[in-house]
Every structure is written in C-alpha cells, then in structure tokens.
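Colleague: Attaching a single structure in structure tokens format; questions to follow.
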C-alpha cells in the first residue's frame, strides 16, 4: 500500500531535499526518519571540509563535535597497532565534517516496506576480502561496479579522488577492497526514466540518522538517469561525518556499542507509486530468447506421498 512520505533527493552529485525550501538545522533530530521527509541534494560547489566545533551531538552515544574534531588523522590510523584482541579487518568511522546540503521532498512508495531490489556490499582490506571470497571461489580484482535490478541501477564505492575501489564477485556476493584510513563515497546511479528512493546503511547503521537500519526509514531520492553520491553519516541538513575506513574498534558502530554488522553496506531501493521501470537489455535479451516450444522432452512424474 502506497504511503505519502518525504524522502531525500540528490541533485548534481549532492544530497538535497526538494520541498520546503531546505532550511538548515544544527541538530540531527530534525532530519527525516520513518515518518519524516526524504532528502534531496542542492546543487553548488564541491563540498569542502569544515570544522565541526560548533556542532552539538544528535543523540546519546553519538560522537560529539569535539570528538569528531579530535579524530585520528589518516597517518595515525595507519601507525597505531590494534590490541591483540581487536577484530581484524576494516570498519567505518564517524569521520571529519564535510559540507553536504540537503532538503526534503515528497515521495510516495509503491510498496512502503517492500523494496524492489536490495544491494549488499561486503567490504574489507585486501587480505580480508581474499579470505572471505575464498570460501566460494576467488576471482581477480577489478573496478567494483555492481548491477542491481537487472541493470536498472549501479552501486559502487569511490575513493576520495572519485576513482572506483577494487572488488570482485564470488559465490553470489559482492566484495569491495578498502584501505585503512582512506575516505570513501557510496555512489548510486539510476539508469531508468523513473525516480527511485534508496535507503542506505553502513555497518548496519542508517546513513541519515545513525541508528540501526530499517526498511521503513526514508532515504535519498534519485532522479531519472541521475547519480547520487552519499559521502557520510548525516549530521544536519548541511553536513555529514565522512565515511572513513579504520580499525573495527574505532568504527562508528563499535563506538555506539555494537560491532556485529561491521563490514557490510546495504542499499534498499523503492519504486515510486504509479511508475513502471524501463526495459533493460537483460529483459530484452530474455524475451528474444523465449522458447515457443519448451516441452520437447518428457519429464518424470511428480512423486506423491
């Protein structure tokens, strides 16, 4: 059943919201949630890194502005050895503050709690990805661009320079290789003529409110043939805390008390009420290969008990 809610929209590579003028706020509780608006990015110059000294923490357990300002530099991430009991591999930290303005826009889902597609990306350092992929067959690393909904959408991670991170497919799972201390961006490309809503999580935490992810929450609206880049956990309508790879015990999820889901990025996609998806090349080829006489040979009877 369709529900009229507001979601986030990204324009020109930024995160912004369409209706309501996009007034800024300094507290995360004003951000869209399960019953609030979705976000839409506002066009403008490329985001610049800024100080977060004047930002007030959104909720108990969320790193304060002072904590964010004093976060370890990239060099310190690499130089500090984790304790012996520390979990191996990478997590995602609540990084430095970065300008990323958004506003809210209406979006009515065709099926509110049922996405038409879900992308799941497992990330780790190079050794971790090889170990994880080895169980189901290893393949060579390459630029990690993962097709979703039979080519209607593309999801990938970019480094701070905008280059795709390396990755691979193995056993039906998508793996991405990160590097300790490096910043990354979640890029989503919509290759249809319809708007879609994307609800994203990192390490099991919603990228908008920093709380445990849920399909009922609102996300980013991606316009027809548009690309959205989500570059951090949202701190306000104007800023995000960047995604930065680091030790598991320094991850945002671990600092909030639960590192169980560290190492996975999820994106659930919802279609807008009253729209139909474009024909993809996969579906066109599938119809061209349709067999008018599929029952050429006898099949064994179904056993009945």
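Nothing in this text is a laboratory measurement; each read-out follows from the coordinates by a stated rule. In this text, all values refer to a predicted model and were calculated from it rather than measured experimentally. All Cβ positions, glycine included, derive from the backbone under ideal geometry; neighbour counts span all protein chains shown.
Colleague: I need the peptides 260-271, 227-238 ranked by packing, meaning the mean over residues of other C-beta atoms within 10 angstrom, with the highest value on top. Spell out each step's value before the answer.
Modeller: Values: 260-271: 20.7, 227-238: 23.7.
Highest to lowest by the protection proxy: 227-238, 260-271.
Colleague: Across the Cα atoms of segment 152-305, what radius of gyration and what greatest pairwise Cα-Cα distance (Dmax) are found, in Å?
Modeller: 20.3, 65
Colleague: Take peptides 293-302, 183-192 and line them up by average Cβ neighbours within 10 Å, highest first, as a rough protection proxy. Each step should come with its number before you reach the end.
Modeller: On the way: 293-302: 5.8, 183-192: 20.5.
Output ranking for 293-302, 183-192: 183-192, 293-302.
Colleague: Arranged by the count of other C-beta atoms within 10 angstrom, fewest first, what order do 288, 249 take?
Modeller: Placing the least packed residue first, the sequence is 288, 249.
Colleague: If you average the sequence gap of Cα pairs under 8 Å that are 6 or more apart and divide by the length of segment 143-186, what percent do you get for the contact order?
Modeller: Numbers: 66 pairs, mean separation 16.4, N = 44.
Contact order relative to length: 37 percent.
Colleague: Where the centre of each part is set by its Cα atoms, how far does segment 104-135 sit from segment 237-279, in angstrom?
Modeller: The two parts, judged by their Cα centres, are 8 Å apart.
Colleague: Distance in nm between label sites at residue 110 and residue 135, each 7 Å beyond Cα in the beta-carbon direction?
Modeller: Distance between label points: 3.3 nm.
Colleague: Hey, another quick one. With a 10 Å Cβ neighbour count serving as the proxy for reagent exposure, in which order, fewest first, do 169, 132 appear?
Modeller: 169, 132
Colleague: For the residues 177, 199, 118, what sequence is obtained by ranking on other C-beta atoms within 10 Å, fewest first?
Modeller: Least crowded to most crowded, the residues run 118, 177, 199.
Colleague: Would you mind computing, in nm to one decimal, how far apart the modelled labels at residue 261 and residue 161 are, each placed 7 Å from Cα along Cα→Cβ?
Modeller: Inter-label distance under the simple model: 3.3 nm.
Colleague: What FRET efficiency comes out for the pair residue 180/residue 215, r = Cβ-Cβ distance, R0 = 30 Å, nearest 0.05?
Modeller: So, using R0 = 30 Å, E works out to roughly 0.45.
Colleague: When the gyration tensor of segment 108-227 is built from Cα positions, what are the square roots of 5 times its three eigenvalues, in whole Å, from largest to smallest?
Modeller: The answer is 25, 16, 15 Å, longest axis first.
Colleague: For segment 158-305, what's the relative contact order in percent, using C-alpha pairs closer than 8 Å and at least 6 residues apart?
Modeller: Working: 214 pairs, mean separation 36.6, N = 148.
For segment 158-305, the relative contact order is 25 percent.
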